[in-house]
Amino acid sequence: MKKSLCASTAALALVLASAMLAPACAADLSIAPIYKAPPAAASWAGSYVGIAGGGAWGSALLRNDTTGADQAPRLNFSGGIIGLTSGFNLQNGNWLLGFEGDISAANKKASAFEFPPNAAFSNEVKEQWLSTFRGRVGYARDNWLLYATAGGALAKVANSIVAPAGTISDQQWHWGWTAGGGIEVKLSQDWSAKVEYLYVGLQDKSYFTPTPSPAFPGNQRLHLDDHIVRVGVNYKLPWNVLDSFFKR
């Protein structure tokens, strides 16, 4: 009887001791996380401003505005371009739809002597300003954005005829179209960098019609196109240009 009572008492004491130690032991145990949430995808939605610059090259054709005959060899011109960019993006999942505009100063130029009987005269063509306004469609993944872009273009061009007797110049604005694409990467939440290519086709315009001086050839028609490769940096603004519309 005594042995049974002692055994029962010992068993009860062991159960009570285990119950008292269990919370303390449980508190010391750390449970390793089983699932870790993936990092949030980079957001491209919103308004931005930036700066972009690079190189440009292209060709110019000078023809007689009446006969259509070439008045000089094809002019292959090249130079630099730098300017300001602004735009906004709308994003739905991985897909992006946006609009971008830019205005750039350019120093693309080329010159060539005209064909006989005007071989004493040379033409110099300079593209001074270029602006584009384009839609963008892109696919974003992680911090990268691949996009295609197309829209309109406007360029200011100067055409000069140089002769021993002096120089005459004419300036015109050329409308046109542009298309291309690029890659952009997020450097931080607000900053991104891009590299893009654009082709620009400009309308033909008449120069020196009528001719300002009978001592110079005139009645020229100029055709231009551009190839542009540039890099840029964009800053995402803390406000969206479309917020005022959505809040109405």
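The values are calculated or read from the model by the stated rules, or taken from the named source; none is laboratory data. Computed from a prediction, not measured in an experiment: that's the story for all the values here. Quick reminder, even Gly has a Cβ in these numbers, built from the backbone with ideal geometry, and neighbours come from all protein chains shown. The protein model used for the area step is the full one, side chains on, heavy atoms only, and it has no ligands, DNA or RNA in it. Shrake-Rupley method; radii C 1.70, N 1.55, O 1.52, S 1.80 Å.
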Residue pairs within 6 Å by beta carbon, gap of at least six or interchain, first lying in the range 116-145 and farther than 29 Å from Ile168 by Cα, second open to solvent by 80 Å² or more (accessible area, probe 1.4 Å) and among the aromatic types (Phe, Trp, Tyr), listed first then second, are Gly135/Phe99
Against the condition in contact with an Asp or Glu (Cβ under 8 Å, 6 or more places away or on another chain), at pLDDT 90 or above, of a type in the set (D, E, K, R) and part of a strand (DSSP E or B), how does Lys126 come out, does it pass?
no
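Rundown of residues vs (1) under 30 Å from Thr209 (Cα atoms); (2) open to solvent by 20 Å² or more (accessible area, probe 1.4 Å), yes/no style:
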position: Gly55; (1), (2): no, yes
position: Ser59; (1), (2): yes, no
position: Asp65; (1), (2): yes, yes
position: Ala72; (1), (2): yes, no
position: Ile82; (1), (2): no, yes
position: Leu97; (1), (2): no, yes
position: Ser104; (1), (2): yes, no
position: Ala110; (1), (2): yes, no
position: Asn123; (1), (2): yes, no
Among residues of the range 217-233 being over 31 Å from the mean Cα position of the chain (by Cα) and modelled with pLDDT of 85 or more, the residue farthest from Ala105 (Cα to Cα) is Asn219
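Yes/no per residue for (1) touching a Gly at 6+ places or on another chain (Cβ under 8 Å); (2) at pLDDT 90 or above; (3) more than 25 Å from Lys126 (Cβ to Cβ); (4) not in a helix (DSSP H, G or I):
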residue	(1), (2), (3), (4)
Ala7	no, no, yes, no
Ala11	no, no, yes, no
Leu14	no, no, yes, no
Ala26	no, no, yes, no
Tyr48	yes, yes, yes, yes
Gly55	yes, yes, no, yes
Ser86	yes, yes, yes, yes
Item checked: Test: residue in the range 155-166 that is more than 28 Å from Phe121 (Cβ to Cβ), hydroxyl-bearing (Ser, Thr, Tyr) and free of Cβ contacts under 8 Å to residues at least 60 places away in the same chain -> no
Here the residues within the range 88-115 that are assigned to a loop (DSSP other than H, G, I, E, B) and in contact (Cβ under 8 Å) with a residue 40 or more places away in the chain are Asn94, Glu114, Phe115
